[in-house]
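Notes follow the structure.
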Amino acid sequence: MRIAHISTYDIEGGAGRAAYRLHKGLQSIDVNSRMLVQYKTSQDSTVTGSQGLPGIAINKLCTYLDLLPLKFYPNRQQSSWGVSWAPSNIHGSIEGIAPDLVHLHWICCGFVPVTALRKFNRPLVWTMHDSWAFTGGCNLPGKCMRYCNSCGACPQLGSKRDYDLTRWEWNLKAKSWQGLNLTIVAPSHWMGDCVKASSLFREARVEVIPNGLDLSRYKQVNKGVARELLGLPQDKKLILFGATIVGDHNKGFHHLKSALQVVADGWSEKAELLVFGASQPADLSDIPLPVHCLGKLHDDISLTLAYAAADVMCVPSMQESFGQTASEAMACGTPVVAFASTGLLDIVVHEQTGYLAHSFDTNDFARGIDWVLADDTRRERLCRMSREKVEKEFAMDGVAKRYADLYQEIIDDV
């Protein structure tokens with residue numbers, strides 16, 4: 001059984017890292033797995049992708065061309081988007097791998113055209129790392145439910161026309177993907193429900209399989225040692241926040257800032273904030289606690305140390321297909337405070353592995369942070385149960401086995 005994973009990134013971003021981890025997890029159970037990416041960062045010989053200046057230039061051109069139609073919507077929101085209209089020869093690259101099955105992951109930035117899927121001529125599995133596949137182009141629809149019909153009059157585009165870019169995109173997807181041998185995998189039950197409600201995939205087979213972790217890498221480390229290695233104070237409670245792009249509105253740093261205004265009333269002398277991410281927020285001056293910025297953490301060891309150094313991990317995201325920073329933190333024995341919504345409901349168990357605040361209620365989020373920090377004995381119990389939850393549900397060997405069984409079933413039915 002030979003599997004080809006298709007992903008815009010290999011080890012960059014949450015979706016890319018999830019895809020690469022699965023790729024390596026499948027190899028560890030003797031599945032012949034290859035990966036084809038647009039932007040290759042790893043040195044893995046089983047990952048194929050362009051590197052060097054010419055490849056980077058071509059990829060940037062593809063991304064630019066992909067978003068060119070958005071220029072017709074000057075009033076659009078600055079949200080994540082993909083059109084995937086420009087042609088490519090990716091099906092030729094897939095033929096070079098000669099897989100039995102193609103596994104799609106996050107494929108935006110002009111990497112895989114909508115019309116290309118039919119040319120793969122193989123059964124497809126597609127993991128929904130966000131909502132792009134079943135919308136008219138947005139990656140995160142928020143409260144908009146137009147994807148349940150056929151999009152159009154898109155609020156993110158600032159459009160009032162029914163036949164706008166999103167309706168065109170929806171029609172293209174519906175026409176191009178009709179009759180494909182396609183199985184959808186949702187990383188969370190919430191995402192699975194979204195897929196089933198969508199007009200494009202409501203008749204598709206949908207399985208729920210979480211993102212997995214290598215628990216030999218993401219593990220509990222002595223807190224004092226982790227703080228010493230990162231140059232962090234030993235005598236403070238550390239509140240952790242992290243995202244690929246810290247300023248991404250969807251990641252909810254603005255919610256955390258509001259919550260910290262409340263938390264500071266009781267913890268201003270006893271707690272500090274720890275932040276990691278590729279880009280830091282422009283203004284940290286209104287945060288009422290001392291802030292330590294770790295910058296971009298490139299590897300599992302650095303991430304594990306950051307999680308292990310913290311007393312609580314905050315994930316105030318507005319919408320998550322899964323919520324990988326939460327599962328990573330819990331694997332390292334760090335309880336999580338999050339909002340009780342979307343994919344995080346599958347990860348955080350209220351008052352057992354952390355605290356689930358009422359959706360987007362920053363005062364309740366602050367109560368969650370205080371609740372985790374206030375009682376050391378209780379927090380030790382939360383730490384232990386967090387690790388146990390991840391070992392039971394998110395260990396990569398089990399996740400890889402579930403995917404391998406799914407692949408084999410699909411291939412046998414061809």
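Read the figures in this text as sums done on the coordinates, not as results from a lab. If you're wondering where the values come from, they're calculated on a predicted model, not measured in any experiment. Virtual Cβ from ideal backbone geometry, glycine too; neighbours counted across all protein chains shown.
To the nearest 500 deg cm²/dmol, what mean residue ellipticity at 222 nm is calculated for the chain from DSSP H runs of n ≥ 4 alone, each contributing -39,500 (n - 2.57), summed and divided by the residues? Mind dumping the intermediate values first?
Numbers: 12 runs with 152 residues, N = 414.
Rounded to the nearest 500, it is -11500 deg cm²/dmol.
Relative contact order for the chain: what is it in percent, counting Cα pairs under 8 Å that are at least 6 residues apart? Walk me through the intermediate numbers first.
Working: 850 pairs, mean separation 58.0, N = 414.
Once divided by the residue count of the chain, the mean separation gives 14 percent.
Give the separation of the Cα centroids, the stretch 91-109 to the stretch 292-371, in Å.
Taking the Cα centre of the stretch 292-371 as reference, the centre of the stretch 91-109 is 33 Å away.
Using the structure shown, select from LYS40/LYS143; LYS119/LYS196; LYS251/LYS296; LYS119/LYS251; LYS40/LYS223; LYS223/LYS257 the pairs with a Cα to Cα distance greater than 27 angstrom. Provide the component values of the computation, followed by the final result.
Numbers: LYS40/LYS143 34 Å; LYS119/LYS196 25 Å; LYS251/LYS296 16 Å; LYS119/LYS251 36 Å; LYS40/LYS223 33 Å; LYS223/LYS257 25 Å.
Result: LYS40/LYS143; LYS119/LYS251; LYS40/LYS223 exceed 27 Å.
Using the C-alpha atoms of the chain, what convex hull volume per residue, in cubic angstrom, is computed? If you can, show how the numbers build up before the last one.
On the way: hull volume 56.9 nm³, N = 414.
Hull volume normalised by residue count: 137 Å³.
Which ³J(HN,Hα) values in Hz, rounded to whole numbers, follow from the phi angles of the stretch 319-324 under the Karplus curve 6.51 cos²θ - 1.76 cosθ + 1.60, where θ = phi - 60° and Gly and Pro get x?
8, 9, 4, 9, x, 5
Express in whole angstrom the spacing between the alpha-carbon centres of the stretch 151-211 and the stretch 1-30.
About 23 Å separates the Cα centre of the stretch 151-211 from the one of the stretch 1-30.
If we count every other residue with Cβ under 13 angstrom of TYR403's Cβ, Lys/Arg +1 and Asp/Glu -1, where does the sum land?
Working: positive: ARG21, LYS24, LYS401, ARG402; negative: GLU207, ASP397, ASP405, GLU409.
Charge balance near TYR403 sits at 0.
Net charge around PRO87, counting only other residues with Cβ within less than 14 Å of its Cβ (Lys, Arg = +1; Asp, Glu = -1)? Numbers along the way, then the final one.
Values: positive: ARG118, LYS119; negative: ASP66.
So the environment of PRO87 carries a net charge of +1.
For the stretch 217-228, just list the computed ³J(HN,Hα) in residue order, Karplus coefficients 6.51, -1.76 and 1.60, θ = phi - 60°, integers in Hz, with x standing in for Gly and Pro.
So the Karplus estimates, Gly and Pro as x, are 9, 8, 8, 6, 10, 3, 4, x, 5, 4, 5, 5 Hz.
If we restrict to alpha carbons, what Rg and Dmax does the stretch 223-393 come to, in Å?
14.2, 41
Quick one: helix 362-374 against the long Cα principal axis of the chain, what's the angle to the nearest 10°, folded into 0 to 90?
Roughly 50 degrees, rounded to the nearest 10.
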